[in-house]
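Engineer: Dropping the structure in here first, questions after.
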Amino acid sequence: MKKKPEFTIVLMHIFIIIVCLFSVIPFIWMISGATNRSVDIINGKVWFGTYLFENIRTLFATVSVGQAFWNSLRNTTVATILSLFVCSMAGYGFQTYRDKYKDRLMSILLLSMMVPFASIMVPLFRLFSQARLLNTTFGFVLPSISTAFLIFFFRQNSMSFPYEIVQAARVDGLGEFGIYLRIYFPVMAPTFAAAGIVAFMNNWNSYLWPLIIMQSQNSKTMPLLITSLTSGYTTDYGILMLAVTICTLPTVLLFFSQQKRFVAGVLGSVK
């Protein structure tokens, strides 16, 4: 096997470094902005300042960051857990059970991904309003419990799951839920990790649906709180950057803690 020329390897490393810099610079600017005054950010200052604690005091005195963070964390955690359970069960069923119509049903589910959320927003709001689910965790969670993307993701990964194990477990008398819980879940742990990160990020960053259904101040989530910081006549970019940094931390920590499983789960879905 021929080795790549050293010049080519150097160019590849230079390209990777440049791409990494373009990816990291916005995060560095966001964090540094949280330590500067609004006027410094407007003037283009990108290095760290000394106004971090002042921005923290101003932010917590202006809005209820703790309440919004807790609302986002609670709603997102519940939505992610339920979404993983429902979508994994559906993906497991699509691959495990033999039926001539299941491929057609999957095609219909994938076709639903082409329907924009704005087209079903008004009917959903009227339905949830009549059901008295406004300003509730269940109202936030229900539309995102089952998504066509995650069902398809689990189904694709389940193709590599050996069907013979399922048959052997059935012969031994293990029920379908027992097979799912004791065999399918441990084997497909990387897939659950990858799907969990996707579901968590989608629910954490969700803006349009919470904007509609979360109408009281005590039910606001972090994206809605960040929006409220820009709704005045003047915007304090220092506390805005600080709020964005706080909002970004959970997803960053989750991704880096589950990075290896995320990569393994994504690679498993395209085998």
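Engineer: Do any helices (runs of 4 or more DSSP H) entirely within the stretch 34-132 hold 3 or more residues that are of a type in the set (A, V, I, L, M) and either touching a Pro at 6+ places or on another chain (Cβ under 7 Å) or more than 18 Å from VAL244 (Cβ to Cβ) (or both), and if so, which?
Structural biologist: The helices (runs of 4 or more DSSP H) meeting that bar are 65-96, 102-111, 117-130.
Engineer: Looking at (1) over 30 Å from GLY139 (Cα atoms); (2) at pLDDT 85 or above, find the lone condition where PHE60 falls short.
Structural biologist: Here PHE60 meets the rest and fails (1).
Engineer: Something else now. Could you tell me which residue of the stretch 125-141 is surrounded by the most Cβ atoms within 10 Å (Cβ to Cβ), considering only residues that are touching a Phe, Trp or Tyr at 6+ places or on another chain (Cβ under 8 Å) and more than 18 Å from VAL198 (Cβ to Cβ)?
Structural biologist: If we take residues in the stretch 125-141 being touching a Phe, Trp or Tyr at 6+ places or on another chain (Cβ under 8 Å) and more than 18 Å from VAL198 (Cβ to Cβ), then GLY139 is surrounded by the most Cβ atoms within 10 Å (Cβ to Cβ).
Engineer: Name every residue in the stretch 147-187 that is at pLDDT 85 or above and either under 18 Å from ASN75 (Cα atoms) or in a loop (DSSP other than H, G, I, E, B) (or both), in order of residue number.
Structural biologist: Matches in the stretch 147-187: THR147 only.
Engineer: Here are some residues: LEU105, LEU181, LEU142. Which one is free of Cβ contacts under 8 Å to residues at least 24 places away in the same chain and either of a type outside the set (A, V, I, L, M) or within 22 Å of LEU208 (Cα to Cα) (or both)?
Structural biologist: Among LEU105, LEU181, LEU142, only LEU142 is free of Cβ contacts under 8 Å to residues at least 24 places away in the same chain and either of a type outside the set (A, V, I, L, M) or within 22 Å of LEU208 (Cα to Cα) (or both).
Engineer: Residue pairs, Cβ under 9 Å, 6 or more apart or interchain, first in the stretch 109-126 and under 11 Å from ALA148 (Cα atoms), second at pLDDT 85 or above and among the hydroxyl-bearing types (Ser, Thr, Tyr). List them.
Structural biologist: Within 9 Å, the pairs are MET113/THR147.
Engineer: Another question about this same structure. State which residue is surrounded by the fewest Cβ atoms within 10 Å (Cβ to Cβ) when the search covers only the stretch 49-82 and only residues that are of a type in the set (D, E, K, R) and under 25 Å from THR35 (Cβ atoms).
Structural biologist: ARG57
The values are calculated or read from the model by the stated rules, or taken from the named source; none is laboratory data. Keep in mind the model is a prediction, meaning the values are calculated, not measured. Quick reminder, even Gly has a Cβ in these numbers, built from the backbone with ideal geometry, and neighbours come from all protein chains shown.
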